[in-house]
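Everything on this sheet refers to the single structure shown next.
The values are calculated or read from the model by the stated rules, or taken from the named source; none is laboratory data. Bear in mind the structure is a predicted one, so any value in this text is a computation, not a measurement. In this analysis, Cβ positions are derived from the backbone assuming ideal geometry, glycine residues included, and neighbour counts consider all displayed protein chains.
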Amino acid sequence: MSDLELANRAKGGDKAAFEELVRLYEKRLYYAALGILRNESDAQDAVQDSFVNAYRFLKHFKGESSFYTWISSIMINNCRRTFKRKKRWYQVLTGYSDDKNKFGAELVEKWKEKDDNLYLVGKTLEKMDYKDRELLYYVFFEELQYEEIAEILKCAIGTVKSRVFYSKEKFKTAFIIEQKHYKDALNM
């Protein structure tokens with residue numbers, strides 16, 4: 001059964017159909033949220049909140065896009081709220097205001113155990129602006145098409161293409177710097 005059929009059945013009150021949608025997309029959404037928020041418990045909360053919101057507002061799902069695209073949009077909004085809340089707390093607690101504050105270092109450290117390049121990618125992403133990280137996650141980890149990303153982010157395809165281009169350029173530059181720092185640290 002397609003996700004559209006499951007969503008329509010869930011709209012009609014079929015709880016088993018909604019549970020199947022959760023089963024189908026929970027893990028994928030979790031990894032998307034984790035890629036954006038860089039923190040496991042925040043990612044779990046964002047996904048849980050996304051499904052709660054999706055269930056509450058299922059009557060508004062029109063089926064014009066896939067259920068995954070629709071719930072991804074909800075999840076992105078939850079991630080943005082989480083990020084803003086954490087950023088405010090970080091600023092209050094430290095008195096420091098910086099758009100590039102770092103959350104989720106524990107995940108990046110876990111990556112170090114697996115592969116040096118994966119670790120460097122994580123360290124680079126960790127230092128990037130949230131919006132750049134969000135875009136790069138959808139392009140490289142989720143492998144979504146620009147049209148799908150535009151739908152999720154609710155912006156024009158041309159905007160997505162432009163933002164992805166500049167995000168990739170920023171990543172390349174930051175990755176080269178991160179590689180150099182890592183190699184220098186190993187040679188000490």
Next on the checklist: Taking the criterion of being modelled with pLDDT under 90, closer than 25 Å to Leu6 by Cβ and either touching a strand residue (DSSP E or B) at 6+ places or on another chain (Cβ under 9 Å) or assigned to a helix (DSSP H, G or I) (or both), would at least one residue in the range 117-140 satisfy it?
Outcome noted: yes
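Please state which one of Gln91, Gln44 is modelled with pLDDT of 70 or more and outside any loop (DSSP other than H, G, I, E, B). Give the derivation first.
Values: Gln91 fails: modelled with pLDDT of 70 or more.
It is Gln44.
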Next on the checklist: Take the residues in the range 41-69 that are aromatic (Phe, Trp, Tyr) and in contact (Cβ under 8 Å) with a residue 24 or more places away in the chain; name whichever of them is surrounded by the most Cβ atoms within 10 Å (Cβ to Cβ).
Outcome noted: Phe67
Checklist outcome for this item: Flagged in the range 126-183 as within 23 Å of Lys84 (Cα to Cα) and among the polar types (S, T, N, Q), in numbering order, are Thr159, Ser167
Checklist entry - Can we say Tyr182 is under 15 Å from Arg38 (Cβ atoms), of a type outside the set (S, T, N, Q) and either at pLDDT below 85 or assigned by TED's automatic domain parsing to the domain that holds Arg38 (or both)? => result no
